[in-house]
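What follows is a set of notes on a single structure, which appears directly below.
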Amino acid sequence: QVQLVESGGGFVQPGGSLRLSCAPSETIFSIYYMGWYRQAPGKQRELVASITKAGNTNYVDSVKGRFTISRDNAKNTVYLQMNSLKPDDTAVYYCNVRIPTNNYWGQGTQVTVSS
């Protein structure tokens, strides 16, 4: 059973930065989509950023200009660089990896932005 292992979450003050990483426990083939989602207390899970196999990226409007998604195809790893963090960015962040026959989710990593 493939698992996605996330790391990099934590506590940061407003204006600070964090870098999230997500890697599978074993090699996954035919990845066509990798993304980061988040869920704040009392809210629905939302897409934060995604990147396709071709390198096309997509961001929710609230993080444009502050967050950057990237991927290392050789390592099957996806990253989310988060700069200029705001209290509204506080949430559990989930990694998502898709292949034609499966849809994998990470266990989530907490990001808390507070002074």
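What's the tally of Lys pairs in the chain whose alpha-carbon atoms lie under 29 angstrom apart, where the two lysines are 8 or more places apart or on different chains? Don't skip to the answer; put the middle values down first.
On the way: LYS43/LYS64; LYS43/LYS86; LYS53/LYS64; LYS53/LYS75; LYS64/LYS75; LYS64/LYS86.
Lysine pairs meeting both conditions in the chain amount to 6.
Considering only protein heavy atoms and a probe of 1.4 Å, how much of the accessible area of segment 1-85 is carbon and sulfur, as a whole percent?
Details: 2180 of 4710 Å².
Answer for segment 1-85 is 46 percent, counting heavy atoms of protein chains only.
By average Cβ neighbour count within 10 Å, what is the ranking of 31-38, 81-88, 60-67 from highest down? All intermediate terms of the calculation are to be shown ahead of the outcome.
Values: 31-38: 20.2, 81-88: 15.9, 60-67: 14.1.
Highest to lowest by the protection proxy: 31-38, 81-88, 60-67.
Note down the relative contact order for segment 1-109 as a percent, whole number, built from C-alpha pairs under 8 angstrom at least six residues apart.
Values: 234 pairs, mean separation 39.2, N = 109.
Worked out over segment 1-109, it gives 36 percent.
For the chain, what is the accessible area per residue in Å² when the probe is 1.4 Å? Walk me through the numbers on the way to the answer.
Details: 6210 Å² over 115 residues.
I get 54 Å² per residue for the chain.
If contacts are Cα pairs under 8 angstrom and at least 6 residues apart, what is the relative contact order of segment 27-85 in percent? Walk me through the intermediate numbers first.
Numbers: 79 pairs, mean separation 15.3, N = 59.
RCO, segment 27-85: 26 percent.
Charges only on Cβ, +1 for Lys and Arg, -1 for Asp and Glu: so what's the dipole of the chain about the Cα centre, in debye to the nearest 20?
Details: 11 positive and 7 negative charges, 30 e Å.
So the magnitude is around 140 debye.
The values are calculated or read from the model by the stated rules, or taken from the named source; none is laboratory data. Since the model is a prediction, treat every value here as computed from it, not as a measurement. Using ideal geometry, Cβ is built from the backbone for each residue, glycine included, and neighbour counts are taken over all protein chains shown. Just the protein is used for accessible areas: all its heavy atoms, side chains included, with ligands, DNA and RNA removed. Shrake-Rupley method; radii C 1.70, N 1.55, O 1.52, S 1.80 Å.
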